[in-house]
Amino acid sequence: MNNHAPAGGKPALAPSAGVRHRGKNIIAVASGKGGVGKTWFSITLSHALSLRGQKTLLFDGDLGLANVDIQLGLMPRHDLGSVISGKITLNQAFSHYEAGNFDVLAGRSGSGSLANVPLSRLQLLGEDLVIAATGYNKVILDLGAGVEKSVRQLSRVANTILVVTSDEPTSLTDAYAFIKVTALERPGCDIRVVVNAANTTREGERTYNTLRKACEGFLKISPPLAGIVRRDMRVREAIRNQTPILVRSPNSEAAMDVEAIAERLLAD
Ligand SMILES: Nc1ncnc2c1ncn2[C@@H]1O[C@H](COP(=O)(O)OP(=O)(O)OP(=O)(O)O)[C@@H](O)[C@H]1O
Ligand SMILES: [Mg+2]
């Protein structure tokens with residue numbers, strides 16, 4: 001856990017707003033900017049945790065553009081849309097993903113997005129998720145990009161937030177914006193940084209240090225590094241083939257980097 005000092009300023013959501021409970025074993029994967037690899041990383045992390053004996057649930061919390069099921073080539077019978085509309089309960093909506101041996105809650109795969117779901121409904125969903133999480137060792141929550149209220153509301157159920165950034169300046173500034181808003185709303189929150197698609201581990205470390213220094217200078221917090229995942233053409237290949245990278249290319253750099261992150265998370 002980080003021991004973050006509270007940052008100044010007025011939170012947009014009061015610290016007590018949102019969920020009353022938090023899942024100790026829920027890890028949210030967030031980013032400011034879209035397209036930095038959150039979904040691929042969430043899938044691979046879930047798989048790596050499952051390979052380490054963790055009963056894992058991957059929850060597609062991207063309310064705008066759900067795509068966990070697409071990357072996995074899953075045709076789920078149920079999705080989050082049916083849960084939110086009250087047709088089924090959260091527990092009825094889980095599918096098992098055989099190739100990775102973890103459970104999945106698909107986002108809305110049909111038409112329409114869930115982006116306009118009222119915050120009060122998301123709060124209830126979060127509370128149900130915290131209860132469902134007790135049946136798992138780890139829950140990975142793949143969030144939508146950005147800092148909108150719906151993203152922040154869902155992220156509140158998580159004990160740990162992994163903020164994914166690439167080395168692009170816009171991705172870094174957007175990651176900083178996400179960290180800033182989260183630190184204001186949830187002082188002391190366990191926020192960690194993942195640098196994805198780094199050209200080299202060295203470059204990834206430089207990217208992390210740039211972000212860390214900004215956080216230290218302006219927010220008086222120092223989010224630790226969860227890990228660096230190198231840029232690897234086998235990521236795209238695995239996604240294109242709808243096959244998990246830990247099956248298709250387990251010895252690739254990107255796969256091994258995510259496995260190392262899973263190991264470190266479990267060592268905490
Ligand atoms: N380590 C990596 N090396 C090479 N390419 C990568 C890596 N990580 C992700 N990518 C590429 O980035 C693309 C976007 O990945 P992904 O869909 O997981 O991002 P996202 O952050 O979930 O996007 P969105 O914000 O739209 O949900 C993928 O198609 C993949 O090819
Ligand atoms: Mg995504």
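Brief remarks follow.
- The chain - mean residue ellipticity at 222 nm from DSSP helices (-39,500 (n - 2.57) per run, n ≥ 4, rounded to 500): -11500 deg cm²/dmol
- A simple spin-label model places pseudo-atoms 7 Å from Cα toward Cβ; at residue 234 and residue 113 they are separated by 3.4 nm.
- Exceedance of the 28 Å cut-off in Cα-Cα distance is limited, within the set 33/220; 87/180; 33/138; 55/149; 149/213, to 87/180; 55/149.
- Radius ratio Rg over Rh of the range 31-267, counting only Cα atoms, Kirkwood formula for Rh: 0.94
- Length added when fully stretched, residue 87-residue 263, from 0.36 nm per residue minus Cα-Cα: 59.6 nm
- Distance between the modelled labels on residue 120 and residue 214, one decimal in nanometres: 3.7 nm (7 Å Cα→Cβ projection).
- With the alpha-carbon atoms of the range 43-129 aligned to their principal axes, the span from lowest to highest coordinate is 37, 25, 19 Å, starting with the largest.
- The range 143-189: Rg to Rh, with Rh as the Kirkwood radius over Cα pairs: 0.94
- When you filter the trypsin sites (Lys or Arg not before Pro) in the range 60-113 for DSSP loop state and at most 16 other Cβ atoms inside 10 Å of their Cβ, you are left with 77, 87.
- Once the C-beta distance of residue 134 and residue 248 is scaled by a Förster radius of 30 Å, the resulting FRET efficiency is 0.35 to the nearest 0.05.
- Between residue 52 and residue 241, the modelled labels are 2.5 nm apart [label points 7 Å from Cα along Cα→Cβ].
- Hits among aspartates and glutamates - C-alpha to C-alpha of residue 38 under 16 Å, sequence gap 8 or more where chains match: 60, 62, 69, 142, 167, 168, 174, 232, 257, 259
Rule-based calculations on the coordinates, nothing more; no lab input. Note that the structure is a prediction, hence the values are computed from the model and not measured. Here the Cβ is made from the backbone with ideal geometry for all residues, glycine too, and neighbour counts use every protein chain on show.
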